[in-house]
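A.B. asks: Right, I'll just put the structure down here and ask away after.
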Amino acid sequence: MAPKFGTSGLRGLVVELTPDLVADHVRAFLYACPVGTGLFVGRDLRESSPMFADVVIAAARGEGVDVTDCGAVPTPALALAAMGAGAAAVMVTGSHIPADRNGLKFYLPGGEITKADEAAILSALGRPARGGQGALARNTTAGADWAARYRTAFGAGALSGLRIGVWSHSAVSRDVLADALRGLGAAVVEVGRSDAFIPVDTEAVPDWARSEIAGWVAAHGLDALVSTDGDGDRPLVADATGAVVPGDILGQITARVVGADTVVTPVSSNTGVEASGHFVRVIRTRIGSPFVIAGMAVGGRVVGYEANGGFLLGFPAMLAGPLAPLATRDSLLPILAPLVAARGTGLAALVAAEPLRVTATDRIEEVPTDRSAAVLAGLVEKSAALADLLAEVGEVPAAQDLTDGLRVTCASGRVLHLRPSGNAPEFRVYVEANAPAEARAMLAMVLGVLKRRFAA
């Protein structure tokens, strides 16, 4: 995976992310984008992240920019701290991708970078260092401040009486997440802590992880189990049966809890949000938080979420206490809001009350981007090729949407969505159906067909 830069940041193999390459992107960012009062820097728990954080800090200080080092901290906590200080931020993380890869996420004083910012940064690459010497400070409370935001919003006893598991694995959010739950009155049971980095994709939870989760829930008598991806901006929630709740359903529930009237979400999220009737309007976008943020510019009581569960609050909400907007992908709100809302009935019952549309997703890994694009183009341009693929899984195409990749509504009402990943050498596959087992069964069949085609 050659290093690649986009609105998801810079990502690549650790051995190819040279200090010079990383420093070049930091200098370009600081030149092309506003930094406000300075630069906040955070990192995840990968073995390579401390080294890259040091490179980022040195490059920024060399540009004469004052730096605040937040250490190991969740991405939304870093963004919250930086925005509160009127500063830009860089998070060193590869998110959910394997440990042999890493990257940088860039934030303006007002939130995530846009596609226009991406273009400006790319055009500024190759600038020489200025030779300045910015100051260095440290922030040790960013994670605690992120948790305190939700204690204020939901109230200290909002989860009292509940026994909640935290799958810690190697998530940089693990201790803050446990503290946040305790702060709301829950009894917390930690499971699965790891010193080695484990790539956890909350949008495509593998079977081995689902099995572990179900076992932990049963063994410890849990009301729910929660976790995040590696950098803490995507939630993972399982109910008292051990069933993982899809991220877009967490988004639907959270949008209702905070009192939104407008929802912005990518085409990959399930269509239950329209069917629910809870919202005045639903705006569909391409996949990626920059597109969601752009859609949220309509204003009002607007929120955004993605199929991975990352949630963006676009207005001041009032729950048990005030909750200020946070215009970046967040995991803690879509974990806590459904748990609080389900306190009387249980999470499984709350989820069952949503419209019966659920998604299942996975990816075919180590597929070059050009190969993914060629396969997708063949399906888009040749209706017979698409019909043949669907026939192998017992489906017939009825309608297409090319907003982002190829999204096909089948005659059965099921939906198949195919697209190359925008930030990894992967081919993404999404299925929407009326039940989790139905969606996963079709997903498995489609993956089998596509793997044979990629191998051919």
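Rundown of residues vs (1) over 23 Å from GLU426 (Cα atoms); (2) part of a strand (DSSP E or B); (3) touching a residue at least 24 places away in the same chain (Cβ under 8 Å), yes/no style:
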site	(1), (2), (3)
PHE5	no, yes, yes
GLY12	no, yes, yes
PHE29	yes, no, yes
PRO34	yes, no, yes
GLY42	yes, yes, yes
ARG46	no, no, yes
VAL55	yes, no, yes
VAL65	yes, no, yes
ASP69	yes, yes, yes
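A.B. asks: Is segment 202-215 home to any residue that is farther than 23 Å from PRO355 by Cα, among the β-branched types (Val, Ile, Thr) and over 15 Å from the mean Cα position of the chain (by Cα)?
C.D. replies: yes
A.B. asks: Check segment 120-140 and report whether any residue there is touching a residue at least 24 places away in the same chain (Cβ under 8 Å), on the phi > 0 side of the Ramachandran plot and crowded, with 19+ Cβ neighbours inside 10 Å.
C.D. replies: no
A.B. asks: May I ask you to say which residue of ALA119, ALA124, ALA129 is within 24 Å of the chain's Cα centre (by Cα) and either assigned by TED's automatic domain parsing to the domain that holds GLY36 or under 22 Å from ILE97 (Cβ atoms) (or both)?
C.D. replies: Criteria check complete, one pass: ALA119.
A.B. asks: Here is a further query. With the structure loaded, tell me whether ALA399 is closer than 27 Å to VAL273 by Cα, more than 26 Å from the chain's Cα centre (by Cα), without any contact (Cβ under 8 Å) to a residue 12 or more places away in the chain and not assigned by TED's automatic domain parsing to the domain that holds ALA204 or whether it fails that test.
C.D. replies: Answer is yes for this residue.
A.B. asks: Sort out which residues of segment 327-360 are hydrophobic (A, V, I, L, M, F, W, C), under 30 Å from TYR107 (Cβ atoms) and in a helix (DSSP H, G or I), and write them in order of number.
C.D. replies: Those that are hydrophobic (A, V, I, L, M, F, W, C), under 30 Å from TYR107 (Cβ atoms) and in a helix (DSSP H, G or I): LEU332, LEU333, ILE335, LEU336, ALA337, LEU339, VAL340, ALA341.
A.B. asks: Now for a different question. Would you check if SER95 is crowded, with 19+ Cβ neighbours inside 10 Å and in contact (Cβ under 8 Å) with a residue 60 or more places away in the chain?
C.D. replies: Considered against the rule, which asks whether it is crowded, with 19+ Cβ neighbours inside 10 Å and in contact (Cβ under 8 Å) with a residue 60 or more places away in the chain, SER95 comes out as yes.
A.B. asks: If we keep just the residues of segment 397-428 that are of a type in the set (A, V, I, L, M, F, W, C) and in contact with a Leu (Cβ under 6 Å, 6 or more places away or on another chain), which is surrounded by the fewest Cβ atoms within 10 Å (Cβ to Cβ)?
C.D. replies: Per the criteria, the residue is LEU406.
A.B. asks: Here's a follow-up. Name the strands (runs of 3 or more DSSP E) wholly inside segment 206-319 in which the number of residues that are of a type in the set (S, T, N, Q) and in contact with a helix residue (DSSP H, G or I) (Cβ under 8 Å, 6 or more places away or on another chain) is 2 or more.
C.D. replies: On the way: elements: 224-228, 235-238, 262-266, 281-285, 302-305, 311-313.
Output list reads 224-228, 262-266.
A.B. asks: Sticking with this one: Test of understanding: among ASP20, ASP66, ASP44, which residue is buried (at least 20 other Cβ atoms within 10 Å of the Cβ) and of a type in the set (Asp, Glu)?
C.D. replies: Of ASP20, ASP66, ASP44, the one residue that is buried (at least 20 other Cβ atoms within 10 Å of the Cβ) and of a type in the set (Asp, Glu) is ASP44.
A.B. asks: Still on this structure, please answer the following. I'm checking my understanding of the structure. Among residues of segment 438-456 that are of a type in the set (A, V, I, L, M) and at pLDDT below 90, which one is farthest from the chain's Cα centre (by Cα)?
C.D. replies: Looking at residues that are of a type in the set (A, V, I, L, M) and at pLDDT below 90, I get ALA456.
Condition check ((1) aliphatic (A, V, I, L, M); (2) surrounded by fewer than 24 Cβ atoms within 10 Å (Cβ to Cβ); (3) over 16 Å from the mean Cα position of the chain (by Cα)) across all residues:
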residue: ASP223; (1), (2), (3): no, yes, yes
residue: THR228; (1), (2), (3): no, no, no
residue: GLY247; (1), (2), (3): no, no, no
residue: THR271; (1), (2), (3): no, yes, yes
residue: ILE283; (1), (2), (3): yes, yes, yes
residue: ALA294; (1), (2), (3): yes, yes, yes
residue: GLY310; (1), (2), (3): no, no, no
residue: ALA320; (1), (2), (3): yes, yes, yes
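A.B. asks: Taking segment 143-168 as the region of interest, how many residues are out of contact with any Pro (no Cβ under 8 Å at 6 or more places or on another chain) and either farther than 27 Å from PHE40 by Cα or touching a residue at least 60 places away in the same chain (Cβ under 8 Å) (or both)? Give the derivation first.
C.D. replies: First, the residues of segment 143-168 that are out of contact with any Pro (no Cβ under 8 Å at 6 or more places or on another chain): 144-145, 147-151, 154-168.
Retained after the next criterion (residues that are either farther than 27 Å from PHE40 by Cα or touching a residue at least 60 places away in the same chain (Cβ under 8 Å) (or both)): 145, 147, 149-150, 154-167.
The total comes to 18.
A.B. asks: From (1) over 24 Å from GLN252 (Cα atoms); (2) surrounded by fewer than 17 Cβ atoms within 10 Å (Cβ to Cβ), pick out the condition that doesn't hold for ALA352.
C.D. replies: (1)
A.B. asks: Moving to a separate point now. Select from segment 143-175 the residues that are touching a Gly at 6+ places or on another chain (Cβ under 7 Å) and within 22 Å of LEU39 (Cβ to Cβ) and write down the one among them that is surrounded by the most Cβ atoms within 10 Å (Cβ to Cβ).
C.D. replies: Residue satisfying both the conditions and the ranking: SER173.
A.B. asks: Within segment 322-336, take every residue that is out of contact with any Asp or Glu (no Cβ under 7 Å at 6 or more places or on another chain) and surrounded by 24 or more Cβ atoms within 10 Å (Cβ to Cβ) and give me the one that is nearest to GLY157 (Cα to Cα).
C.D. replies: Looking at the filtered set, the residue picked out is LEU336.
A.B. asks: How many residues does segment 361-418 hold that are in contact with a Ser or Thr (Cβ under 9 Å, 6 or more places away or on another chain), part of a helix (DSSP H, G or I) and not small (Gly, Ala, Ser)?
C.D. replies: Residues flagged as in contact with a Ser or Thr (Cβ under 9 Å, 6 or more places away or on another chain), part of a helix (DSSP H, G or I) and not small (Gly, Ala, Ser) within segment 361-418 amount to 1.
Condition check ((1) in the same structural domain as ARG407 (by TED's automatic domain parsing); (2) touching a His at 6+ places or on another chain (Cβ under 6 Å); (3) surrounded by fewer than 19 Cβ atoms within 10 Å (Cβ to Cβ); (4) touching a residue at least 24 places away in the same chain (Cβ under 8 Å)) across all residues:
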residue	(1), (2), (3), (4)
PRO338	no, no, no, yes
ALA348	no, no, yes, yes
GLU366	yes, no, yes, yes
SER372	yes, no, no, yes
GLY378	yes, no, yes, no
GLU381	yes, no, yes, no
LEU389	yes, no, no, yes
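A.B. asks: Whether any residue in segment 91-101 is more than 18 Å from the chain's Cα centre (by Cα), under 20 Å from VAL56 (Cβ atoms) and outside the structural domain of ASP239 (by TED's automatic domain parsing) is what I want to check.
C.D. replies: The answer is yes; a qualifying residue exists.
The values are calculated or read from the model by the stated rules, or taken from the named source; none is laboratory data. Remember, it's a predicted structure, so these values are computed and weren't measured experimentally. Because the Cβ atoms are built from the backbone with ideal geometry, glycine has one as well, and the counts that use them run over all protein chains shown.
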